[in-house]
Amino acid sequence: MSRYNFKDSEAKWQAAWEQAACARVTEDPGRPKYYVLEMYPYPSGRIHMGHVRNYTIGDVIARYKRARGFNVLHPMGWDAFGLPAENAAIEKGVHPAAWTYDNIAVMRAQLKSMGLSIDWDREVATCHPEYYRHQQKMFQDFLDAGLVYRKESWVNWDPVDHTVLANEQVIDGCGWRSGAPVERRKLAQWFFRITRFSDELLAALDELERWPDKVRTMQRKWIGRSQGARLFFRLQGAPAGWSGEAEERLQVFTTRPDTLFGASFCALSPHHPLTTALAESDPKLTAFVADCDRIGTSEEAIETAEKRGYRTGILAEHPFRPGETLPVYVANFVLMDYGTGAIFGCPGHDQRDLDFARKYDLPVVPVVLPPEAEAAGFAIADEAYTDWDGSLINSEFLDGLKVEAAIPAAIARLEAAGDGQGEVQYRLRDWGVSRQRYWGCPIPVVHCQDCGVVKVPEAELPVRLPEDVSFDQPGNPLAHHPSWKTVACPNCGKPAERDTDTMDTFVDSSWYFARFCSPRAETAMDRSAVDYWMPVDQYIGGIEHAVLHLLYARFFTRALQACGYLSVEEPFAGLFTQGMICHETYADETGQWLSPEQVKTDEDGKVVTLEGGPVTLGRVEKMSKSKKNTVDPEAIIDAHGADAARWFMLSDSPPERDMEWTDAGIDGASRFCQRAWRIVSEIAGQGVAAGAPLPSAFGAEAMALRRRTHKGIQAVTADIERFHFNGAVARLYELINALAGFKAKDEGDRWAAREAAEAFTRLVGPMTPHLAEALWQVLGHQGLLAESAWPDADPALTIDEEVTVAVQVNGKLRATIALPRDAEKQQAEDAALAEPAVQRALEARNPRKVIVVPNRVVNVVV
RNA sequence: GCGGGUGUGGCGGAACUGGUAGACGCGCCAGACUCAAAAUCUGGUGGCCGCAAGGCCGUGGGGGUUCAAGUCCCUCCACCCGCACCA
């Protein structure tokens, strides 16, 4: 028996699928559609194992759904703008475009070698003018719809990458890419008004039933809706004109207006306009603010920083108690970006306020009485009572009300007196998209001295990136370019300047899934195509995009809908987040990391360097270049084949969990492919032709095999549907093992063996498509397996006539008995009691009770 | 601190709505084939006691509900992830 030659086979079948255009699709209203999408890759240079896992999972779904009769859209593209291309330009002197397109060519070939059933006719790259011209049009449409605006604002400035970051891109006060501490700068920036959809984005999460709870929870918290009230405090002693507006009262947001009678101070953020106004004539306050800034926002600083305040001498009048005032402090724990940048402090019911009050010796008056506590003598010690469970005390007209009732009562009183109003606050901020970079989508506007911001006329789109740029000075090459930015104002014709910023690359990835529906359309999307294909039925990718990309894409889809581009509100009906690929780490005696190719296992099973030197085994960690524990997919596919790589990716570890890449694992997968080839080939040679008629009779062993076959079909189908690929793999091992041990003695046996082999081949098809195609041919079929239907299980053969029932005495297993399926309870009980092991365990006692669960268990209780 | 997750053999992991714990794979042990090796095939493999039949223990620890718990409830521990002075 010849070995399976994966190299020839994989090349042959990839060409055959290409020839037959198996994965090419068009809209077909007569068939149910299914849109499977894996997150598109950044063309960094070569594919990595994370890509292999991601695209294997997606391809299994695509091939399976196709076999089930769906019209399957499964496209691929490139997230092609971004910083690494510019870094390559700086380091290697290669143009970002050349670098990117070269990488795409390499990675496309690598992905094709995996045998993915992708409609490559739909490929897009976001750096292509034919892609970004539509994005520029969207930007202008959003501008007209009020979904894009320009604002002078404090931004997060990454001093290493020389660019602005969105709030979502700042992690622990550092840039998400560079890791450098972020600085604050004031710049005119373009913003997407994501907050217009705050409530919709939040509410719709409840409907996204096929999304992981974890992702939905993270988005909910990110949007951070809180309901409360805005209060207005009249001030005594504030400098005139501090707010720059007619209204000079201090605005404060609270979720607990019910606790207002417990207020003992107000506090301003160090960046509050009133603070700034006061600091002008108060050097001590200026010093205090500088001090607060120094402590910064790093995670440790926050945890250990004590509550500090500066007493301004200003007094705030209590809205409910005429004549009573609260001292106004500037405090280091009050954030300018949330609420109004000012608070009132109620020490009895907020821990931070309590810490602050204790430090500055302010009154602590409890106003909410816990359910079991006695009003007399109730006092707050070290812990504020923050629960909502309780009723109001020391609060005049609110006394006796439950918290839930006191909140609206307090708001009603504030509104009646003009001292406040009910309000909802969000943590979510508008999305700043201006980036001071070259390799991104140019913002299609012109700045004119006379006309202000003017859209570039549609006929002139796209605004193309200039090709002749230099990277020899830091900052934005577009701003440095000698001529590119200089244009005539489209409105008045006078000299004007282009916006030299480009869009955040997350904009590119916020609509690519919609472009795939009609990738060559003259408009951004052909309405009938996008309405046919969208939403994506199954989106697959890493958990790291739980907030950023997945929230932006949800916003964008709503914005596109508002501008008449498409009909859906949510882009991704189903989301699956796969785990990461991990590998053992190795270090030499100097502590330097070693790559898996730099070590070997010696005769004693010890890991040593190639020269036999000592190696320290480290933890199993996420594959990363810094730890050197990566394995190159191309080398694996070259040595073992794409099918083996795919099979190992799907084996053992559930796809949502992290998996460990091991040599033993990929060897096992190779062995499986060879074994399947050997066993199925042997059966194919037994003389029963494809499509041979059902024999008149089967022996007991043939029937047993047929049952296993049909149960296998049922189980594998269910496992794929549930994303339990490791379970499907296990069932396929069982089926091939059953087939390996089966000795055919008559025509019925041979027919049953062929039936099993065919079922196996079809079921394994989505996972190891080349091998399956080769087996299909060996089994004598003319057409492609990739174009064949999924097998159906015969219900009559998935149910056993005889079942094994567990027999317990007092819940402890004592025997198993064979019974006809759905036997009478009495029959089961009698058979159980007849078991010698049961009698022994009973020790001559009489059963008190016998519990019979049909087809499962008999429990004898004494 | 808040929110979420995970914990089962030497290892990865299975067990749908509570009903034979350890499917399947890896590894290991024994055997067959072979001059030998590789490959392949057959059998075994949770722990303890026992020649065996069989028995006892066992799903992070402790407690509970139930005829029956990996699965449900309470509590504690460990690790991982996310958010974090959000008023």
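The values are calculated or read from the model by the stated rules, or taken from the named source; none is laboratory data. Model, not experiment: these values are computed from the prediction. All Cβ positions, glycine included, derive from the backbone under ideal geometry; neighbour counts span all protein chains shown.
Total residues in the range A:220-242 satisfying the condition of being away from RNA strand B (no atom under 15 Å from the Cβ), surrounded by fewer than 13 Cβ atoms within 10 Å (Cβ to Cβ) and not small (Gly, Ala, Ser): the figure is 1. Of the residues in the range A:341-351, at least one is surrounded by 20 or more Cβ atoms within 10 Å (Cβ to Cβ), within 22 Å of A:TYR426 (Cα to Cα), within 13 Å of RNA strand B (Cβ to nearest atom) and among the aromatic types (Phe, Trp, Tyr). A Cβ distance below 8 Å, combined with a sequence gap of six or more or placement on separate chains, defines the contacts here; from the range A:245-260, residues that are free of Cβ contacts under 8 Å to residues at least 60 places away in the same chain reach residues that are in a loop (DSSP other than H, G, I, E, B) in the pairs A:GLU248/A:ALA238; A:GLU248/A:ALA240; A:GLU248/A:GLY241; A:GLU248/A:TRP242; A:ARG249/A:ARG234. The set of residues from the range A:375-392 being in contact (Cβ under 8 Å) with a residue 12 or more places away in the chain and among the small types (Gly, Ala, Ser) comprises A:ALA375, A:ALA379, A:ALA384, A:GLY390, A:SER391. The set of residues from the range A:660-694 being β-branched (Val, Ile, Thr), more than 8 Å from RNA strand B (Cβ to nearest atom) and closer than 15 Å to A:ALA772 by Cβ comprises A:VAL680, A:ILE683. Contact map, the range A:393-406: residues that are within 16 Å of A:THR255 (Cα to Cα) paired with residues that are surrounded by fewer than 17 Cβ atoms within 10 Å (Cβ to Cβ) and not small (Gly, Ala, Ser), Cβ distance under 8 Å, separation 6+ or inter-chain. Pairs shown: A:VAL403/A:TRP388; A:VAL403/A:ASP389; A:GLU404/A:TRP388. Pairs meeting the criteria (first residue in the range A:350-363 and touching a residue at least 40 places away in the same chain (Cβ under 8 Å), second residue within 8 Å of RNA strand B (Cβ to nearest atom) and assigned to a helix (DSSP H, G or I), beta carbons under 9 Å, at least 6 apart or on different chains) are A:LEU362/A:ASP353.
Among the numbered conditions (1) more than 12 Å from A:ALA267 (Cβ to Cβ); (2) within 14 Å of RNA strand B (Cβ to nearest atom), the only one that A:ALA373 does not meet is (2).
A quick yes/no check of all residues on (1) more than 16 Å from RNA strand B (Cβ to nearest atom); (2) in a helix (DSSP H, G or I):
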position	(1), (2)
A:MET218	no, yes
A:GLY244	yes, no
A:GLU247	yes, no
A:PHE253	no, no
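Of all residues in the range A:364-405, those satisfying the criterion of being surrounded by 15 or more Cβ atoms within 10 Å (Cβ to Cβ) and of a type in the set (Gly, Ala, Ser) are A:ALA373, A:ALA384, A:GLY390, A:SER391, A:SER395. Only one of the listed residues (A:GLU787, A:GLU824) is loosely packed, with under 15 Cβ neighbours inside 10 Å, among the charged types (D, E, K, R), free of Cβ contacts under 8 Å to residues at least 24 places away in the same chain and more than 9 Å from RNA strand B (Cβ to nearest atom). That residue is A:GLU824.
Starting from residues that are within 16 Å of RNA strand B (Cβ to nearest atom) and closer than 18 Å to A:TRP78 by Cβ, keep the ones in the range A:516-551 and report whichever is surrounded by the most Cβ atoms within 10 Å (Cβ to Cβ). Let's see the steps before the verdict.
Step one: list which residues in the range A:516-551 are within 16 Å of RNA strand B (Cβ to nearest atom), which gives A:541-551.
Applying the additional criterion that residues be closer than 18 Å to A:TRP78 by Cβ yields A:541-542, A:545, A:549.
Working: A:GLY541: 22, A:GLY542: 15, A:HIS545: 19, A:HIS549: 19.
So, considering only residues that are within 16 Å of RNA strand B (Cβ to nearest atom) and closer than 18 Å to A:TRP78 by Cβ, the one surrounded by the most Cβ atoms within 10 Å (Cβ to Cβ) is A:GLY541.
Among strands (runs of 3 or more DSSP E) entirely within the range A:573-671, having at least 1 residues that are exposed (fewer than 15 other Cβ atoms within 10 Å of the Cβ) singles out A:599-601, A:616-622. Say whether the condition of being more than 42 Å from the chain's Cα centre (by Cα) and either surrounded by 16 or more Cβ atoms within 10 Å (Cβ to Cβ) or at pLDDT below 95 (or both) is met by at least one residue in the range A:760-774. The answer is no, given that none of the residues of the range A:760-774 is more than 42 Å from the chain's Cα centre (by Cα) and either surrounded by 16 or more Cβ atoms within 10 Å (Cβ to Cβ) or at pLDDT below 95 (or both). Would a scan of the range A:92-103 turn up a residue that is under 25 Å from A:GLU130 (Cα atoms) and assigned to a loop (DSSP other than H, G, I, E, B)? Checking the range A:92-103: at least one residue is under 25 Å from A:GLU130 (Cα atoms) and assigned to a loop (DSSP other than H, G, I, E, B).
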